[in-house]
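Engineer: The structure under discussion is supplied below as structure tokens; questions concerning it will follow.
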Amino acid sequence: MTYQSIFFDLDGTLTDPKAGITKSVAYALQAFGIEVQDLNSLTKFIGPALKDSLMKFYNFSEADAVKGIKKYREYYSRQGMYDIRLIPGITELLKKLRRQHQQIFVATAKPTPFAIKILDHFNLSQYFDDIFGSNLDGTRAQKSEVITYGLQQTKLIPNQQIAMVGDRSYDIQGAKKNHLTAIGVLYGYGSQRELTSAGADHLVSNVHQLSQILTA
């Protein structure tokens with residue numbers, strides 16, 4: 001099947017943001033007297049909404065989580081945002097989708113202004129029909145909400161010819177909640193078990209396999 005429209009997650013799907021995100025989280029935690037020795041322990045923050053993760057993994061109150069987000073953004077907006085790498089093969093895939101006149105969008109839990117700056121940094125914004133993210137005030141932070149908003153803005157009617165591509169359960173669950181085909185990528189930060197349990201319709205190990213599914 002050729003997908004008429006495709007929504008892409010950003011972190012872990014188009015880019016590998018590990019260094020920037022983990023350093024930003026460590027900076028935020030430090031403001032609360034929490035020292036993190038191993039940044040790898042913070043990769044669980046890649047994907048879900050930051051406020052939810054601070055409350056889940058460090059038992060922050062909602063008020064402290066909001067303060068934590070402000071500290072996170074201090075470092076992230078200054079340095080962490082650009083301490084990332086582009087997933088190999090992504091640019092070529094996006095070019096191919098554009099040549100085939102498929103609509104492509106970004107749907108990320110990251111605030112929209114940050115997502116746009118990152119995509120501009122890699123010269124990728126030109127390939128997307130639109131970029132949808134969360135709001136800086138913390139609203140529309142869940143992936144399912146971002147996808148719903150994207151569908152509303154594009155006036156697309158949910159169906160199985162629209163795909164959501166992502167590396168975490170939140171991407172898959174968001175796709176299923178909006179009645180889209182869910183494609184999980186295993187080169188990101190979600191395991192095969194996580195993506196399968198969330199209900200992924202397809203799993204791919206690399207960008208080449210992803211291209212085969214999206215452009216078939």
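Engineer: Mind checking which residues of region 19-41 are within 16 Å of the chain's Cα centre (by Cα) and surrounded by fewer than 20 Cβ atoms within 10 Å (Cβ to Cβ)?
Structural biologist: If the condition is that a residue be within 16 Å of the chain's Cα centre (by Cα) and surrounded by fewer than 20 Cβ atoms within 10 Å (Cβ to Cβ), then A19 is the only one that fits.
Engineer: Within region 14-31, how many residues are assigned to a loop (DSSP other than H, G, I, E, B) and either modelled with pLDDT under 95 or closer than 14 Å to T43 by Cα (or both)?
Structural biologist: 1
Engineer: Cβ-Cβ distance below 7 Å, separation of 6 or more or different chains: which pairs start in region 24-43 with a residue that is assigned by TED's automatic domain parsing to the domain that holds Y76 and end on one that is in a loop (DSSP other than H, G, I, E, B) and surrounded by 13 or more Cβ atoms within 10 Å (Cβ to Cβ)?
Structural biologist: Final answer for the pair search is A26/V36; L29/V36; L42/V36; T43/Y189.
Engineer: I need the full set of residues from region 68-113 which are out of contact with any Lys or Arg (no Cβ under 7 Å at 6 or more places or on another chain), of a type outside the set (A, V, I, L, M, F, W, C) and not in a helix (DSSP H, G or I), in order please.
Structural biologist: Q79, R85, P88, G89, Q100, H101, Q102, Q103, T108, K110, P111
Engineer: Same structure, new question: Would you kindly identify the strands (runs of 3 or more DSSP E) lying entirely within region 114-214 that contain at least 2 residues that are more than 15 Å from the chain's Cα centre (by Cα) and surrounded by 14 or more Cβ atoms within 10 Å (Cβ to Cβ)?
Structural biologist: 202-204
Engineer: Let me ask another. Could you please give the count of residues in region 119-146 that are in contact with an Asp or Glu (Cβ under 9 Å, 6 or more places away or on another chain), touching a residue at least 24 places away in the same chain (Cβ under 8 Å) and of a type outside the set (K, R)?
Structural biologist: Selection size over region 119-146: 3.
The values are calculated or read from the model by the stated rules, or taken from the named source; none is laboratory data. Given the structure is predicted, the values throughout are model-derived calculations rather than measurements. Glycine gets a Cβ as well: all are built from the backbone with ideal geometry, and neighbour counts include every protein chain shown.
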